[in-house]
Structure formats: C-alpha cells, structure tokens
1. So if each residue of separation counts as 0.36 nm, and I subtract the Cα-Cα distance between B:Lys578 and B:Arg163, what length gain in nm does that give?
2. Give me, ordered by chain and number, the residues 5 or more places off B:Ile502 or on other chains with an amide H under 5 Å from its own placed amide H.
3. Add +1 for every Lys or Arg and -1 for every Asp or Glu among the other residues with Cβ under 11 Å from the Cβ of B:Leu48, and state the total.
4. Quantify how strongly other chains surround peptide B:56-63 by giving the mean number of their Cβ atoms within 10 Å of each of its Cβ atoms.
5. Compute the angle between helix B:691-709 and the longest alpha-carbon principal axis of chain B, please, reported from 0 to 90 degrees and rounded to the nearest 10.
6. Return the long-range amide H neighbours of B:His281 (sequence gap of 5 or more, or a different chain), with a cut-off of under 5 Å between placed amide H atoms.
7. From largest to smallest, what semi-axes in whole angstrom does region B:302-358 give when each is the square root of 5 times an eigenvalue of its alpha carbon gyration tensor?
8. Mind checking the angle between helix B:38-49 and chain B's longest principal axis? C-alpha axes, 0 to 90 degrees, to the nearest 10.
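The values are calculated or read from the model by the stated rules, or taken from the named source; none is laboratory data. These numbers come from a predicted model, not from an experiment. We place every Cβ from the backbone using ideal geometry, glycine too, and count neighbours over all the protein chains shown. Just so you know, the surface numbers come from the protein's heavy atoms only, side chains and all, with ligands and any DNA or RNA stripped out. Shrake-Rupley method; radii C 1.70, N 1.55, O 1.52, S 1.80 Å.
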Amino acid sequence: MNVLIILIPVSLVLAGLGLVAFLWTLKSKQYDDLDGDAWRILGEDDAINDQQDPK
Amino acid sequence: MSISACPACSAAPLAIEIAAKSAVAGDIILSLPSIHCAGCIGTVERALMAVNGVTEARVNLSRKRVTIAATGIAPEQFIETLEAVGYEAHILDAPMMASVDTDSEGRKLLLRIAVAGFAMMNVMLFSVAVWSGAAEATQKMFHWLSALIAVPALAFSAQVFFRHAWQSLRVGSLNMDVPISLAIILAAGLSVYETSVGGESVYFDAALSLTFFLLVGRYLDHRTRIAARSAAQELSALASPNAVLLVDGAQRTVPVTTLNVGDLIRVHVGMRVPVDGAVTHGGSDMDRSFLTGESLPVHVSLGDQIAAGEVNLTGPLTLRVTAVGEDTTLARMAALVETAEGARNKYTALADRAAQIYAPAVHLLAFVTFIGWFVLSRDAALALNIAISVLIITCPCALGLAVPAVMTTATGRLFRRGLLVKNGTALERLSQIDTVVFDKTGTLTEGHARIDTAAMDQTTLALLAALARASNHPVSKAIAAALPTLNSANITDVTEHAGQGIAANWQGQSVRLGSGKWLGCSQSPALKIGDAPAIPLHFSETLRIGAIEAIAALKSAGIPVHIFSGDTTEAVDTLAAKLDVTSAHAQMLPADKMARIKQLSDDGAKVLMIGDGLNDTGALAQAYASISPASALDASRAASDIVLLSRSLAEIPDAIRTAKSARLRVLENFGIAAAYNLVAVPVAILGFASPLSAAIAMSASSITVLVNALRVK
C-alpha cells in the first residue's frame, strides 16, 4: 500500500492540472463561439486573422 | 507569423486573443440571423474590415452576431454594408446583447461547476476503492482525503445555493434552495462526523455530485434568462426632456416639467412633441405611428389635437398645452403598459410551483422519519443518520435539472430557426396559447407602403415620379421610393402648396399631386393631369414572407387568428381577405388593442400577440405571450417574450409546436424525478440507504432527465 503515497498525490496533481487548464480556457473565452470555431479551422484563408499579426 | 504545419493551429491562439478582446463597451453588436457557415464568417468579416475606421470585426456564429470595434461610425452604415454583401443585419439592444458577452455571473457559475466537477471525480475515485472493499486504515485514510477535498470544494461551489436559501428563509419562505442547502450541509456534516469516528456512511461523493448537477441546472437556467428591460421605461424614454416655451413672442427652452396647461409652446421640424396640445398656429405633417400604427404621416392644422410623442415632420407649429406630466397620452400609455407588465411578471414558472410543493414535503418526510426511528429505536444518532439520508436521497437533483435542461434545448432549437427567446417563462406560456392576434403594418406586412402601379400607363408613371421627386413631403418620398427605376417626365414651374400638395407644368398642362380634397377626388393622395378626372393612388403593402403559411398552419392547428390594426378598414379588410382571416379589426387605438386582448383573456383565452409598433406595446405586454420582429421598435421588443430574428413568419407555428413539446418534456422529467424518489425514498426511510445507492440514484436520475430533454422537437 506504500505505492499510494505516490499515486494519490499524482492523481490529485493531474486532476488539478485539468482544473487549471479548464479555468484557463474559460478565462480566454474559448467557449463563446463553439459553432464558429468549428467552422473557422476549415477556412482556407486566415487573412482575416493575419491582419492582427505584427509580422 | 510563425510557420506551423496546420494553419488552424497558428490561427487559433490569435483567434482566442481577438475573442478575449471582444465586447468592450462602445463596440457595435449586430444580429445576423442568416449566417450559418465558414463562408458567411469570412464574407462578413472581410466586408466589415474593408470599411474605413473599423479596427476589428468578429463574428460569433453560435450567437449569430458580429462585434465591431470602430470609432465614429453609425451602426446603420454597417447594416448597409452587410446588406450589400447579402446579409440581413439588425441592431439589437446593446445591453441585452452584452449581457451574455460580459456575463460575469455565468462565468462564476462555470468556475463553481469546474471546481465541483474536479472534486467530485477525485472523491469518487476514493469512494470506488472504499466500496470495493478497502477497510480499516485504508478506508479511514480515503475518507479523510475525501473530506479534505470535498469540504473546501463544497464551501466554494455550493455558495450559490446557501445564499439563495438564506435570502428565502430570511423573508420566511421556502424555495428549492432550502432543501438543497440543507441536504448539502447535512451530508457534509454527517460525513465529517462519521469520518472522525471511523464510521461507514460517508456521503462526500453524493454531496459533490448533487452540487455539480444542480450547478449545471443553475447555469443552463441562467443562460436562458436575458436581462429583461421594461417596455414602460422604453416608452417613457420617448418623452422629450425640454420644450420651447413662447413668452410674449420670445422663445425660451425650458424643462418639460415646468410647463403648465395653457402655455404656448413651439415645436420645430424634427422635434418630438413634449406634451399634449392643440395647434394654435401653423400646419404640418405628424408622424404618429406610435399612436395609430399608421405608417403614413397625418396632416394637422389649426385646432387639431396633438399627443406627446408625435414627431413634427414638415412645418413649425405653435401649440397650446392641454395636458402635462402624468396626464399626457404617452404617460398614460406607459402607465397601462407598466400595469400589464406587472401582471405578467406574476406568472409562476412550473419549476417554482413544483418547488412550492416539494420543499415542505421533503422536510416533513425527513422529520417524520426522524420521529419514527427515534420512537422505535430510542437512538437519536441513528434516527438523525437515517433522516439525513432521506434528505440526501430526496434532494431535487433531477428536479433542478428538469426545467433548465429542456428549456436550453428548446431555446437553442428555436434560435437556430431565427427566434430569440428573451424570457425564462416565455416557452411555458407560449405552449399554452390558444388564440393568436397579429398586428398588420410591419408584422403581417413589410411595413413600408408601396404605391400600386398596376393600373397606370408609362406617361402617368413618369409624371408621378417627377412630381414625387420634386417634393420633400414624406408621402411624396414614399411614392418616389417605390418608383426608383423610372425616368421622370420633364416638368417645370414646380410649386408646393402647403398642406395640399405639389403642382407643376408639363407640356402646357397643369399637373398636380396632393390631397384628395384639393384635387376633387374621394381618396388621398391623388394625381391630376390637366382637366382629366383625378386618379386616386392606392398604396398596397407587401406581405411578409411566410405570413400566408403561418396563418394557414395556425388555423389548421385549430388556433383562431385575429388581426388588430390601427390602419383603415379598407386596408385591413383587403389584407384579411388575402390571408383568409375572418376576424379583422381596423382603426384600433393602442388602448383599444389592450382592451380587446384583456377581454379575450377574461373570456378564458390565452392570447399570443405578435406586433411591432409602439402602438402594439401595450397589447404585447397585456397578452399571455408575445412575439415581435427584430425590425420592431425598442419598446415593443422590450415588451415581447420572443424576438423573431429571421424575416419569415412561417416559424411561428413551429415555435408553438416546440414550446408544446418542451412543456411535455418538462412534465415527463418531473415524472422521472418523482419515479426515482418513489423507489429511493422508501428504501431510505427504512434505513437501507447507503452512500453507494445515493450516488447511483442521483447520477442515474440526472442523466435520464438530461437525455429526455434532448427529445424536444
């Protein structure tokens, strides 16, 4: 049962990482337009977004 | 840009960055009901970015809207730009639209859901170990670990319920949050106690999954509620704050509140009349669409009564004030609308009615269980333990999801068909309606009257176009707008006769366009060429797309249809005949419409009102449920439950069907929740409930309810 001493913190840390990742996606508004983002990856030209790029 | 194997990957971070910047105050948000694919996104964004001054345009396909960051450009210009590339666009109330974008409450709820979900999954992992036989020291350690995760997670996530429950208890009432909070607190408290004494019935996982599912329900519920604004306030906002007072011939701008009955005021062209009054000097054309629904302006001259809120279109007027403040027509209408809105807000949602029965029943059941076990066993700890397990088992997990899950599915489905549901209880009310009332102008028809040119020859048309274009009168403008492609005839010596019409010379003959009285014709307006009898000009209105289909579908579903219009009897009858509607009422004032709907309601009918004008605002607020097109005025949209974003009316019968289906699903969900309780409660009361059975009952009932919600058609 000594293995639990490693496994339990590991599981907690991994799940905690998942929580942090979710909070980040939430904060960066990635759930605001699920339909639109699904279509956007199919767009051939990213010219619309490129305008925002400094280079 | 960095080189990346997949263009989407390199674009995605940028997209996120742009999205995160969206919806800053001052941005323009337009509703785009017809967008549906990647091509649409590209076309719309490119078209808008091409406009000078636009720094950013971002389409949100899920919400069918675009957020534009631009300085010094009117939203109307973007609507034109978008129409040029083939997309219909509307301005919707910015606060209403923004409420979802800058929705901090929704975000907080999501955060709580995330924490509850995280804790739930971890605690369940430990619970599985315990259920599958971990004993002694291992079991104790797992229980302590669960407590370590669950207690802080619950303290954070379940706050929403605690706060609402406390608010409700403070005023001495019971809502759904009271049994929820009680179950969560007792489950956590009992579990901590059991853990500390090394007992077995530890309910951390149940408490967390309860919190998680209920928060999901709460979040869905939150999303279907859009910050509603009062139509009465919108109406009051139409009143102008200042008036031009005439004192001994001198003009002075004074606040409206200082005016008295009998004062003389001046109303310049383009001004909204601040108070009710009678014309003492001058003549003009007034836009009184908010009172009558009539799209064409009305001529006023000496002695005529003018109501507050009308807009002076063509000439300066002097008025003697006849009513101020609360007594003006506008203020009286706002008061009527406010009363009607108040009555509607009293509607109790199905979920609340269920809670009113449920909450006391659950508490009573738990209390009786405690007494029963205490009497039988004389063991207070055991009795308390079982009573708490009853509270946990009966906790309205499925009940909390029953309504929001269905409503989210239904509003999503309606949104895809172009109907924006604004009010949380709108669908429930819509499902019960048994009578439909339509407004005419702007609802059944496209709103702008078009001149009927079928009976005229080329020369007449050319003359009409020439005369109409020579005048600035609103009626002439409407005529000219209807004849855009025609070459005008060559006319000379154009003279305008105020209040009568316009005259000119054409090939030696006198040609006149103006009021019927002036030209010796029974109808207004008319056209007179030389000495020939005047030709009356008929205005015909284009039917809105889907009007015929919508009415036919409603009638075949056995729902009676009425038309209430402020327009002339002739215009209404023509339209009613075209649409095969037998009950059509013309020349109704706003108060008449309200009174008729009230009468219908008093006779037991549940009326759905569909209208767009300011004159419909009262009727929209009075009706059991109401719909207005996106082209409607702010006050009317505020008064209605559902905004029709697409141009077609054909979706309305479908919307009613969806609402009925949604109501059925809600009732089924209540049934499912009750059935689970019927099985689980006796088990709990008899003292056989274990943490495992509580977890299974809770998850299974919640999932069944969610799946059932997806069946909404």
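1. Working: separation 415, 0.36 × 415 = 149.40 nm, distance 5.66 nm.
Going from the current span to full extension adds 143.7 nm.
2. Placed amide hydrogens put B:His497, B:Leu513, B:Gly514 under 5 Å from B:Ile502.
3. Working: positive: B:Arg46, B:Arg58; negative: B:Glu45, B:Glu56.
Result for the neighbourhood of B:Leu48: 0.
4. Mean number of neighbouring Cβ atoms from other chains: 5.
5. Compared with the principal axis, the helix lies near 20 degrees.
6. Under 5 Å from the amide H of B:His281 lie the amide H atoms of B:Thr318, each far enough along the sequence or on another chain.
7. Numbers: eigenvalues 391, 25, 7 Å².
Ellipsoid half-lengths, sorted descending, are 44, 11, 6 Å.
8. Computed tilt is about 60 degrees.
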